[in-house]
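Report on the following structure.
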Amino acid sequence: MQNVADTRPKTAIAPALLRWWKTHGRKDLPWQQNPTPYRVWVSEIMLQQTQVATVERYFDRFIAAFPDVTALANATADQVLHLWSGLGYYGRGRNLHRAAGLIRDQYTGVLPISYDELLTLPGVGRSTAGAILALSRGQRVPILDGNARRVLLRVHGIADWPGSASVAKRLWELAEASTPERRVAQYTQAIMDLGATVCTGRNPHCKLCPLASICVARATGLVAQIPARRPRKSRPRKTTALALAIVDNRVLLEKRAPSGIWGGLWSFPELPNPDAVSHWCQARFGRPPVTIKAWPVISHSFSHFDLDMTPVEISIDGADGQVMDGDRWLWYNTEAPAEIGLAAPVAQLLQAIGDRK
């Protein structure tokens, strides 16, 4: 798709956005109350690729458990991931925990307010660093989250895929030029709010937009085509089996490797296919399963592939009494659940096991 030639003169978008935000902007989100650098940082990490409504359900509980950097740094990874369970993209939670440890050890527990220092923290990129400084300190630093990017793409009629290096460079230039010298925090919130509530990805409310009169995409009828979609690639589908080793009300869980899919979370032992479960049981417990039963396949989508999982229920006599490495293995009691990090499909299966018992 070719870019639309934007030959019309542009006025600054900040004044119009600020007037709109005064009446229509969001001002009662949990992280907007007492917007310290720490609270803004946590909220910005949670909001990456996650809807505001979802984050609202997690933020207050997370802050109550970890009210400052030191509390977060001193927590265990399991405690952090337990409160992150259900938010998805668990690498964000792991990075938040790692970064808290660095801040505790290198900055005496105080989140740095230098842009360059923020960029050294795990999980903090240009837009996140900018949002922390703009929203908590009022510093003039541009942001380019998904909502702000969509607004700028449409207003300036940029119809090429925004993931390309050249378009990304252009967008950062526009973000810098559009950020005002004053009322930076309000402007930053305003452009994010406009993208989230008016200039939405689907069915945008152009008639309500304060930038409608200067929007190139609207003038040229390309609102629905901007932002351009990522060039299509074949999306792989993978299969796996999950061993549900159950003894009374206890289910065997295995802690996954720190990196990769569901890194650091607890899950059911994963095997190549359902046929491998019986052999795994013999190798793990020294005996075959008493019963074995395949459950219906459940599917889960990750960022780069889809996964079909076949839960296979097995029962083993006396297996729960065997000594195992407690850092890797856990007999999870469905009647007295441990506070550990669980991916949503795993939590749902555990719930189903507990409900049945």
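Where only DSSP H runs of four or more residues are counted, the chain gives -12500 deg cm²/dmol as its mean residue ellipticity at 222 nm, each run worth -39500 (n - 2.57).
A Cβ-based charge dipole, computed about the Cα centre of segment 190-251 with Lys and Arg at +1 and Asp and Glu at -1, lands at about 460 debye. Proximity of backbone amide H atoms, modeled 1.01 Å from N, is registered between Tyr332 and Val251, Leu252, Leu253 at under 5 Å, excluding neighbours fewer than 5 places apart on the same chain.
Once a ≥ b ≥ c are taken as the square roots of the eigenvalues of the Cα gyration tensor of segment 208-357, is the result rounded (a/c under 1.5), prolate (a/b larger than b/c) or oblate (a/b not larger than b/c)? Note, shape of segment 208-357 comes out prolate. Its residue count N sets the reference 2.2 N^0.38 Å, and the alpha-carbon radius of gyration of the chain equals 1.18 times that reference.
Amide H contacts of Gly157: Val216, Ala217, each under 5 Å away and 5 or more positions distant or on a separate chain (H built 1.01 Å from N in the peptide plane; Pro and chain starts excluded).
Its residue count N fixes a reference of 2.2 N^0.38 Å for segment 14-225, and the Cα radius of gyration divided by that reference is 1.04.
For segment 207-272, trypsin sites (Lys or Arg not before Pro) are listed when DSSP marks them as loop and at most 13 other Cβ atoms sit within 10 Å of their Cβ; the list is Arg229, Arg232, Lys233. Placing a label point 7 Å from the Cα of Glu270 along the Cα-to-Cβ direction, no residue of segment 114-134 has its backbone N under 11 Å from that point.
Each label point was placed 7 Å from the Cα along the Cα-to-Cβ direction; for Tyr115 and Asn249 their separation is 5.6 nm. Counting other Cβ atoms within 10 Å as a rough exposure proxy, the listed residues Glu56, Glu181, Glu313 run Glu181, Glu56, Glu313 from fewest neighbours to most.
A cut-off of 5 Å between modelled amide H atoms, ignoring neighbours fewer than 5 places along the same chain, links Thr239 with Asp308. Across the options Asn147, Trp161, Ile103, the greatest Cα extent toward the positive end of the charge dipole of segment 41-176 (unit charges at beta carbon of Lys, Arg, Asp, Glu) belongs to Trp161. 3J(HN,Hα) couplings calculated from phi for segment 328-340 with the Karplus curve 6.51 cos²θ - 1.76 cosθ + 1.60 (θ = phi - 60°) are, in sequence order, 10, 10, 8, 8, 7, 8, 5, 8, 9, x, 6, 8, 9 Hz; Gly and Pro show x. Only one residue of Val184, Leu222, Pro274 has its Cα farthest out toward the positive end of the dipole of the chain, where Lys and Arg carry +1 and Asp and Glu -1 on Cβ, and that residue is Leu222. Placing +1 on the Cβ of every Lys and Arg and -1 on the Cβ of every Asp and Glu, with nothing else charged, gives segment 115-165 a dipole about its Cα centre of roughly 200 debye. The phi torsions of segment 215-222, fed into the Karplus equation with coefficients 6.51, -1.76 and 1.60 and a -60° offset, translate into couplings of 7, 5, 4, 5, 5, 9, x, 10 Hz, rounded to whole numbers, with Gly and Pro shown as x. With 31 Å as the limit, the listed pairs Lys169/Lys238; Lys27/Lys233; Lys238/Lys293; Lys255/Lys293 have Lys169/Lys238; Lys27/Lys233 beyond it between alpha carbons. If only the Cβ of Lys and Arg carry +1 and only the Cβ of Asp and Glu carry -1, the dipole of segment 237-356 around its Cα centre is close to 240 debye.
Relative to one another, the C-alpha centroids of segment 50-74 and segment 230-296 are positioned 30 Å apart.
Read-outs throughout are calculated quantities, based only on the coordinates presented, and are distinct from any laboratory measurement. The model shown is predicted, which means the values in this text are computed figures rather than measured ones. Because the Cβ atoms are built from the backbone with ideal geometry, glycine has one as well, and the counts that use them run over all protein chains shown.
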